[in-house]
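Step one of this worksheet: look at the structure below.
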Amino acid sequence: MDFELSPEEKAFQKEIREFLDKECNENVVAETLSLQGAGPYSKELLRKMGANRLLAPRWPEEYDGRGMGAMAEAIKVDEINSHHAPFPLDGVEIGNALLISGNEEQKKRFLPGIASGEIDIALGYTEPNAGSDIASIQLRAVEDGDHFVLNGQKIYNSEAHVCEYHWLLTRTDPTAEKKHRGLSMFIVDLKSPGITIRPLITSGGLRTNEVFYEDVHVPRENLVGEKNGGWAVIMSALYGGGGGGGLATGTKNVINTLVKYVLEEKQDADENKWIPEAMADLYVKTHVGELMGVQATAFADLKVTPPYGGGGAVSRLLSGDTRRLLYNTAMQILGPYGQLAKDSKWAPLKGEILREFMDAPRWTIVHGSQEIQKLLIATRGLGLPRK
Ligand SMILES: Cc1cc2nc3c(=O)[nH]c(=O)nc-3n(C[C@H](O)[C@H](O)[C@H](O)COP(=O)(O)OP(=O)(O)OC[C@H]3O[C@@H](n4cnc5c(N)ncnc54)[C@H](O)[C@@H]3O)c2cc1C
């Protein structure tokens, strides 16, 4: 078993790291940390990344990728995270699904735009009454000649307000005996008449959105896969995605920052004696999470389901838990001053830990909640029955 990156992967890591060291300036970082979605500086950086073929390294060269493996995608995500660069990931993940489920015309129409950073696509699955149980979605698409008419609502659709398109799961057959057989997937131009996007702000200050569809006309050529075949497209999106894990440079950077802070500020008092053990615990969990992420990524390249089931379920479970533990521990180390926001001159580490602490719960929900990851491991991995 070889845990080293290949020479090609190392070269890619060096290239994207050096690129972001130079190009991810303070305006971009401020936009990313504001959690309000990709602003003009971020969009400019994404276009520059696209021009350097850094956005979709896994895609074939004919679609402006580099034909690399899942580890290149993990390296890209890791560098984006650790530089606080914008997160164009849904577009690329959706592109992975288009590569599998889209027709040639759709691939030619959308993939080069995503890879060049010109267009991004928001993920439109969740509805007020359908989250973990995606197959229960209700947004209706009714066929009418050469187009479909859409009515309904999505919720928690992140970046929809700054994306050009919506990867939209709809219901085309409400009478289907099995609810997942009545679904269809569309790519919808978010500027279409009848679409309203309203902000929804999480407790961590992240802007996500409600998206309302009222008699929105969508051309038939925007249907991805078969009518009523949306479930297969969703599965290809899950299968085509990364391994669900990878490297953990951002987390390790935070641990290093905390170690430095402890050495400088928290050495002496008896009340701080618990800190080294807690830091060692964090270090171990981060390391295990990284190894599981690398393993999940390697399995993604082999195109086989990893042991213990569910793609990157183990890795996602561990990384969500570790992130929460990291910022809980960090807040305890910082003590009462840690609760001061970044505009206070007394805020330790520029208030950054507080911001991440408030935002950390999202990582235990967004790619399927912790309970759902456990369900996947229990049913697909261990063969236990569903509850
Ligand atoms: C910040 C943020 C960004 C998001 N971005 C997007 C996005 O861009 N696009 C998009 O489509 N969605 C997005 N989501 C939605 C996200 O995918 C859902 O929130 C998630 O799938 C959970 O669905 P839900 O919120 O409806 O909770 P529910 O499914 O109602 O779950 C509520 C609770 O019940 C538990 N639960 C549910 N079913 C089971 C079960 N069978 N067994 C055990 N426990 C169970 C869950 O774990 C959870 O704790 C985002 C969510 C957040 C918070």
Where q = 0.09, 0.10, 0.16 Å⁻¹, what log10 of I(q)/I(0) comes from the Debye formula for region 13-144, counting one point per Cα?
-0.30, -0.37, -0.85
Within the P(r) computed for region 177-218, what percentage of the Cα pairs occupies the region above 11 Å?
74
With region 7-87 reduced to its Cα atoms and the Debye formula applied, log10 I(q)/I(0) at q = 0.13, 0.20 1/Å amounts to -0.37, -0.85
How big is the C-alpha Rg of region 93-198 next to the rule-of-thumb value 2.2 N^0.38 Å, as a ratio?
1.07
Say we join alpha carbon atoms closer than 10 Å with springs in a Gaussian network model of the chain; which of 112, 336, 40 then has the biggest fluctuation?
336
Where is the GNM fluctuation largest for the chain (alpha-carbon springs, 10 angstrom cutoff): 237, 313, 130?
130
Sum -39500 (n - 2.57) across every DSSP H segment of at least 4 residues in the chain, then divide by the residue count to get the 222 nm mean residue ellipticity, nearest 500.
-14000 deg cm²/dmol
Could you give me the percent of Cα pairs per 10 Å distance bin for region 179-298, shortest bin first, beginning at zero and ending with the bin that holds the maximum distance?
11, 19, 24, 20, 14, 9, 2
Would you mind checking the tilt of helix 89-101 against the longest principal axis of the Cα atoms of the chain, expressed as 0 to 90 degrees and rounded to 10?
40
Nearest-20 debye value, the chain charge dipole, Cβ charges on Lys, Arg, Asp, Glu
680
Could you give the distance between the Cα centres of region 207-223 and region 83-140, to the whole Å?
13
Cα-Cα pairs of region 307-372 separated by more than 14 Å (percent):
59
Computed over region 109-184, protein heavy atoms only, probe 1.4 angstrom, the accessible area per residue in square angstrom equals 41
Calculated P(r) of region 243-381 - Cα pairs past 27 Å, %
29
Can you tell which of 185, 49, 331 shows the greatest fluctuation in a Gaussian network model of the chain with Cα springs below 10 Å?
331
Leaving ligands, DNA and RNA out of it, report the carbon-plus-sulfur percent of the accessible area of the chain at a 1.4 Å probe.
54
Region 259-295 and region 12-41 have their Cα centres apart by a whole-number Å value of 27
What does the convex hull of the Cα atoms of the chain come to per residue, in Å³, rounded to a whole number?
152
At a Cα cut-off below 17 Å, give the lysines reachable from residue 374, other chains included and same-chain residues fewer than 8 away excluded.
387
Pairs to check: 108/154; 154/285; 107/285; 10/273; 178/303; 252/350. Give those whose C-alpha atoms are more than 30 Å from each other in this structure.
154/285; 107/285; 10/273
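The values are calculated or read from the model by the stated rules, or taken from the named source; none is laboratory data. In this text the structure is predicted, and so the values were computed from the model without any measurement. All Cβ positions, glycine included, derive from the backbone under ideal geometry; neighbour counts span all protein chains shown. Heavy atoms of the whole protein, side chains included, go into the accessibility calculation; ligands, DNA and RNA do not. Shrake-Rupley method; radii C 1.70, N 1.55, O 1.52, S 1.80 Å.
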